[in-house]
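First comes the structure, then the notes that go with it.
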Amino acid sequence: MKNIFQTKSLILLSIFISLISMISCSDDLVVPDDPVIENEEEVITTLTYTLTPSEGGSAVVLTYQDLDGDGANEPTITNGMLSNSTVYTGALTLLNETESPAESITEEIEEEDDEHQFFFSSTITDLQVEYADEDGDGKPVGLTTTLTTGAVGSGTLTITLRHEPEKSAANVASGDITSAGGETDISVTFTLTIEE
């Protein structure tokens with residue numbers, strides 16, 4: 001009888017120790033590390049493209065503003081008129097105006113220029129946009145540009161900012177967005193009129 005009692009006691013003790021071991025080794029009771037937060041996409045409410053004629057004269061300012069993002073209100077877009085056969089220096093500025101004071105997204109792009117590139121496409125055949133800035137690896141960014149107009153006419157200019165595009169591809173470096181990859185941070189289409 002004494003042996004049976006000791007055997008049962010040993011079995012119960014073994015089960016108890018096994019349970020404690022399983023509970024203490026369980027991954028469920030381990031407090032997880034803080035999650036790694038990826039670099040969040042920038043909130044861009046306002047894009048301004050200022051075009052200054054290289055031979056002097058008044059600047060043309062194209063603006064896009066959408067303070068409520070995906071909300072009910074339509075964005076406000078200011079289009080522009082450019083002179084034919086003229087070279088313009090272009091400067092882009094981007095803001096997040098949901099913050100007070102407004103946060104400069106331009107500064108973030110300058111700091112992370114290797115991860116960003118602007119692309120310019122136009123339905124105006126002889127309108128050309130060339131990069132005038134580059135990142136630390138000699139790849140284009142597009143915050144500053146040279147825009148050249150040709151004949152009189154009208155059409156659109158679309159400006160797209162891509163985050164982490166494939167900048168090493170030759171066609172991407174020349175401004176071709178078709179195989180750029182990455183994620184679109186903002187894309188805005190302006191209507192332009194080219195006049196004498």
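Taking the protein heavy atoms of the range 60-196 in the context of the full set of protein chains, the accessible area attributed to carbon and sulfur is 44 percent at 1.4 Å. About its Cα centre, the dipole of the range 40-196 is roughly 940 debye, where the only charges are +1 on Lys and Arg Cβ and -1 on Asp and Glu Cβ. Using C-alpha pairs under 8 Å with a sequence gap of at least 6, the mean separation divided by the residue count of the range 83-166 gives a relative contact order of 38 percent. If only the Cβ of Lys and Arg carry +1 and only the Cβ of Asp and Glu carry -1, the dipole of the range 79-119 around its Cα centre is close to 560 debye. In order along the range 184-196, phi translates into HN-Hα couplings of 7, 7, 7, 9, 10, 10, 9, 9, 10, 10, 9, 10, 6 Hz, rounded to whole numbers, per the Karplus curve 6.51 cos²θ - 1.76 cosθ + 1.60 with θ = phi - 60° and x for Gly and Pro. With Cβ to Cβ distances under 9 Å as the rule, what net charge do the other residues near residue 148 carry (K, R +1; D, E -1)? That sum, taken over residues with Cβ under 9 Å, equals -2. Between residue 176 and residue 81, full extension at 0.36 nm per residue minus the direct alpha carbon distance yields a gain of 31.7 nm.
Backbone amide hydrogens, once placed in the peptide plane, bring residue 132 within less than 5 Å of 142, 144, 145, 146, excluding anything fewer than 5 places away on its chain. Between residue 133 and residue 154, the C-beta separation translates, for a Förster distance of 22 Å, into a calculated FRET efficiency of about 0.20.
Based on protein heavy atoms only, the range 41-118 ends up with 54 Å² per residue of surface accessible to a 1.4 Å probe.
How charged is the neighbourhood of residue 46? Take every other residue with its Cβ under 9 Å from the Cβ of residue 46, and add Lys/Arg as +1 and Asp/Glu as -1. In short, -2. Coupling constants for the range 58-66 follow from the phi torsions by the Karplus curve (6.51 cos²θ - 1.76 cosθ + 1.60, θ = phi - 60°), and in residue order they are 6, 6, 9, 10, 9, 9, 10, 9, 9 Hz; glycine and proline get x. In a simple Cβ point-charge model (Lys, Arg +1; Asp, Glu -1; nothing else charged), the range 108-183 has a dipole of about 580 debye relative to its Cα centre.
The values are calculated or read from the model by the stated rules, or taken from the named source; none is laboratory data. What you are looking at is a predicted structure, and each value in this text was computed from that prediction instead of being measured. Reconstructed Cβ throughout: ideal geometry from the backbone, glycine too, with neighbour counts over all protein chains shown. These area figures cover heavy atoms from the full protein model, side chains too; ligands, DNA and RNA do not enter into them. Shrake-Rupley method; radii C 1.70, N 1.55, O 1.52, S 1.80 Å.
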